[in-house]
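In what follows, a structure is listed as structure tokens, so that the remarks can point back to it.
The values are calculated or read from the model by the stated rules, or taken from the named source; none is laboratory data. Keep in mind the model is a prediction, meaning the values are calculated, not measured. Every residue, glycine among them, receives a Cβ derived from its backbone with ideal geometry; neighbour counts consider all protein chains shown. Note: accessible area is taken over every heavy atom of the protein model, side chains too, but ligands, DNA and RNA are not part of it. Shrake-Rupley method; radii C 1.70, N 1.55, O 1.52, S 1.80 Å.
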Amino acid sequence: MHSLRPIQTHTPRSGRPSAGSKSAPPCACLRASPRPNPPQPIHYLTNQTRTSPVLALQTHADATAPPERDARIARLYFSWPRLLLARPPGPSPEPLRCRVFYSILPGGAEPIQHAVRLCRAGSRQPGYKPRARAAGNRGRSGDGARGQASQSSDHAHTDARAERGREEDSRQPTAGRQAGGGRGTERPRAGHPPPHMREGAAARRQQPRRAHAKAPRGDSPRAMSSAAATATSCHRLGVALPLLLLLAAAAVLGGAEGKAHSYEDALQKSLLYFEAQRSGRLPHSQRVAWRHHSGLTDGLEQGVDLVGGYYDAGDHVKFGLPMAFTVTMLSWSLIEYGGDVADAGELGHALEAVKWGTDYFIKAHTRPDELWAEVGDGDTDHYCWQRPEDMTTSRQAYKVDRDHPGSDVAGETAAAMAAASIVFRDSNPHYAHLLLHHAQQLFEFADKYRGKYDSSIAEVKSYYASVSGYKDELLWAALWLHRATGRADYLDYVVDNADSFGGTGWAINEFSWDVKYAGVQIIAARLLLRGEHATRHRSTLERYRAKAERYVCACLGRNTEGGADANVERSPGGMLYIRQWNNMQYVTSAAFLLSVYSDYLAEAGAPTVSCAGGETVAAEEVFALARAQVDYVLGTNPRGVSYLVGYGSKYPNRVHHRAASIVPYKHSKEFIGCTQGFDHWFGRRSSNPNVLVGAIVGGPDRQDRFRDNRENYMQTEACTYNTAPMVGMFAKLHRMARQEREHGSPAPVPVTSTAAEV
């Protein structure tokens, strides 16, 4: 039993709690009507467990009084992730979350009930999934439509299109949406909260704004996203190929019109972003000067050193699954285009970015069958808007082991360490051997003790739920271990489990931190194209290649079987569109897969790709689309906006990112509390004081519309796995642009940057 804590008293001012307190309330909208009578005795609360914070409610001695007289102020002590409510007389405290305060507060007067409902709305952010929801549903999850992945090459479900018809379609996220408070006028869906109405500008200024609780940023396997209507019409008219070639040529020849991009500048900036996302004790070589040490006690309560790693996005939780995918994609970029990165003078920085992640994974893999998969708690983290250097939120750590399996996070971490071992094989062979040892142990653990990690770690389900399951990660890890070791038993595993794990069954239109099937199929197709397989593997690898090329053709809009859902939708400006929330992650990962597959085809002398329905596509067209997507990110789009922050003359200035939006710690070491961050920094209309150079934000909607607003987290929040695939792409395109100049092509005009020095 821990000591009792008194509730600190203060007088509400203009209906809002005072700012700057380290233990500021997460639900600052929960407030009482002012009253003239003097404060009543304070009730003390007992901390029941080390894993639960205490929500203290100051009341009158008479617990039966109406709530507008009872409830005075709520405070959360952020050292713990769950909430307990204590009241004077009555039963012992019961577990609750902010969203259910209304059901346990005494009385029924309207003023307090209304305040409680606001508190509940601020807690059930977009993407919140009730714990009772069945996990692993391949139908729908997350923020947008979820197409059911097709198990057949000949049939595609139409469920995704029906769901997409209920989406916001061309609706832009409105300025009236409360930060973290619902989806504007969107229709509520299963697993999501109903829409919340924002009360007016005056009301907004009188209560702290809330950060969002992120939904899974990528999600279930999607059978086939619908093709744009123009693409379908072109197929019917038989003119798709000329149209796409013209679009690709326009993108490639943009340099002659003064719109060429400096891919070298983009590469340099993309690597800076990973330094801005670092957690732990920063090195002397740190180039992003507005960041400082943070998370230095991570793992302390559990007796484990978990200092280091990356924050995934604009918050301060270290989620193991997306972090591992980020490192896998960084490593894959260097495996394919490491020479180009070196030629650009950025190999050292790229290796540092990979090693910052793998050093953390070595710490997190404490036993052969134990992996720490998360540090921090998303629920408390998203009630705070403060710098990582000032963190007062929970740093609880969560693990998977043989009793609480997590084959998906263990498998992805094994893939990351296996891929990284290839990267360090020449420059640091001892370290590469260590990584490979951990990767093999993790794969064995993931395969032997099978299960989804979000069933073992409930706290992650509202943020990075493994909707696709763990089988794609097991195939993914086995392929990377095969590439790292050359051992045939790993390829046997991929072939033997091709059907039962969905490797040759799922026809997938997305590749993300959750859904690895397209990557699995493309790597397997590489083995076939290169002849790196036994005779008995050939037929299965051919089926993998067929699925890989279906993904490629879906991006190109060239599948003629499977209906409208057989192809990926395009925006009017040509951007691949999967879903509204952080669509850029799918754009950058697709560009990378298209690029490497075009390279594999060129190396094998295979001139074409076979699409569903019998149409063939030239390998050059595959890469043309990849380059067009990269150029779209860099500003070749209808708005002329670079979605790579800090690149070009026009880029997002109000990125949804806590550290970037607050005065740097080195300039002002004065503590900034949770509510103070919301009051003084989150709601500012001015640009962020720190430029998050190299971040790729969520990007525009299906109509190429983008609103640069800190509250618009669907579009302005950046994630590490958005930028990771582009490291290799920028390096390759820089080399190609240099070759074009050397062969007499017009020299590209560099896009000047207005980003502040970092």
Signed unit charges on C-beta, dipole axis of the range 263-741, positive-most listed residue F592, S468, Y551: F592
Interchain or long-range residues, amide H under 5 Å from A397's placed H: G376
Cα-based shape type of the range 325-400, given that a ≥ b ≥ c are square roots of the gyration tensor eigenvalues and the cut on a/c is 1.5: oblate
Shape of the range 491-554, Cα gyration tensor, a/c cut at 1.5: prolate
Taking only Cα atoms of the range 479-518, radius of gyration then Dmax in Å: 11.3, 30
Gain upon complete extension [E742, Q703; 0.36 nm per residue less C-alpha separation]: 10.3 nm
Range of Cα positions in the range 263-741 per principal axis (Å), largest first: 66, 52, 42
Charge dipole (debye, nearest 20) of the range 351-455; +1 at Cβ of Lys and Arg, -1 at Cβ of Asp and Glu: 320 debye
Modelled FRET efficiency - R0 25 Å, H680 with N653, Cβ distances, 0.05 increments: 0.90
Protein accessible area in the range 263-741, 1.4 Å probe - carbon and sulfur %: 48 percent
Burial ranking of peptide ranges 682-690, 669-677, 629-637 (average Cβ count within 10 Å, highest at the top): 629-637, 669-677, 682-690
Inter-probe distance in nm under a simple model that places probes 7 Å from Cα toward Cβ, at E561 and R639: 3.9 nm
Rounded, prolate or oblate (a/c below 1.5 giving rounded, otherwise prolate when a/b exceeds b/c) for the range 617-737 by Cα gyration tensor: prolate
Coordinate range along principal axes, alpha carbons of the range 629-698, Å, largest first: 42, 22, 17
Listed residues L634, G613, P689: farthest to the positive end of the dipole of the range 591-692 (Cβ charges): P689
Given charges at beta-carbon only (K, R positive; D, E negative), |dipole| of the range 601-758 in Debye: 620 debye
Exceeding the 29 Å Cα-Cα cut-off - candidates K269/K471; K363/K650; K399/K732; K363/K452; K547/K732; K318/K452: K269/K471; K363/K650; K399/K732
For A260, distant residues with modelled amide H under 5 Å away: G255, V749
Distance between modelled label sites at E532 and T297, nm, 7 Å Cα→Cβ extension: 4.7 nm
Net dipole in debye of the range 428-531 [+1 Lys, Arg Cβ; -1 Asp, Glu Cβ; about Cα centre; nearest 20]: 220 debye
By average C-beta atoms within 10 angstrom, highest first, the peptides 596-608, 459-471: 459-471, 596-608
Residue-by-residue Karplus 3J(HN,Hα) for the range 513-520, coefficients 6.51, -1.76, 1.60, Hz, glycine and proline x: 4, 9, 10, 9, 4, 4, x, 4
For T608, residues with placed amide H under 5 Å, excluding near neighbours: A619
Label-zone membership for the range 673-704, site L282, 7 angstrom Cα→C-beta point, backbone N under 19 Å: 673, 688-696
Positive-pole candidate from H438, G338, A478, dipole of the range 263-741, charges at beta carbon: G338
Vicinal HN-Hα couplings computed from phi for the range 577-582 (Karplus, 6.51 cos²θ - 1.76 cosθ + 1.60; Hz; Gly/Pro x): 10, 9, 7, 5, 7, 6
